[in-house]
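So the structure is just underneath, and the comments pick up after that.
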Amino acid sequence: IRDEDSGYNKHLFCIPKHYEEDLETVFIPHGLILDRTERLARDIMQDMGSHHIVALCVLKGGYKFFADLLDRIKALNQNGDRSVPITVDFVRIKSYC
């Protein structure tokens, strides 16, 4: 996103009432994020080849993205011409001061 990009008008989206006053514009629409997540999953599957995938999620903030990415990787894994073993684990990291 360029600095001069003004984003999208918030009225083009369904914004929860409790966020309406705090939000001016939407810079990256949800559909674009999903599309990029799909592309990332495809890149991971291509780069890993037939190697075992170990997916590590840093808890709290990364869970939703992690789950979406893993869903796409699993779909590619099931529908592709090869199946790659996937191990999933979670870590919790304490913020530093």
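The values are calculated or read from the model by the stated rules, or taken from the named source; none is laboratory data. The structure displayed is predicted, hence computed values, not measured ones. Every residue, glycine among them, receives a Cβ derived from its backbone with ideal geometry; neighbour counts consider all protein chains shown. The accessibility values were calculated without ligands, DNA or RNA, using every heavy atom of the protein model including side chains. Shrake-Rupley method; radii C 1.70, N 1.55, O 1.52, S 1.80 Å.
Observations on the model:
- Any hit, the stretch 24-45, residues being free of Cβ contacts under 8 Å to residues at least 24 places away in the same chain, in contact with a helix residue (DSSP H, G or I) (Cβ under 8 Å, 6 or more places away or on another chain), of a type outside the set (Ser, Thr, Tyr) and assigned to a loop (DSSP other than H, G, I, E, B): yes
- Close Cβ contacts (under 7 Å, 6 or more residues apart or on different chains) running from residues in the stretch 72-97 that are open to solvent by 100 Å² or more (accessible area, probe 1.4 Å) to residues that are part of a loop (DSSP other than H, G, I, E, B) comprise Arg92/Leu59.
- Residues satisfying the stated conditions in the stretch 18-27, i.e. surrounded by 11 or more Cβ atoms within 10 Å (Cβ to Cβ) and out of contact with any strand residue (DSSP E or B) (no Cβ under 9 Å at 6 or more places or on another chain): Leu23
- Top-ranked residue in the stretch 60-71 [being open to solvent by less than 90 Å² (accessible area, probe 1.4 Å) and modelled with pLDDT under 90; ranked as nearest to Ile33 (Cα to Cα)]: Gly62
- Within the stretch 82-97, being out of contact with any Ser or Thr (no Cβ under 8 Å at 6 or more places or on another chain) and within 15 Å of Asp47 (Cα to Cα) holds for Ser83, Pro85, Ile86.
- Just so you know, in the stretch 28-59 the residues that are aliphatic (A, V, I, L, M) and in contact with a Ser or Thr (Cβ under 8 Å, 6 or more places away or on another chain) include one that is most open to solvent (accessible area, probe 1.4 Å), and it is Val54.
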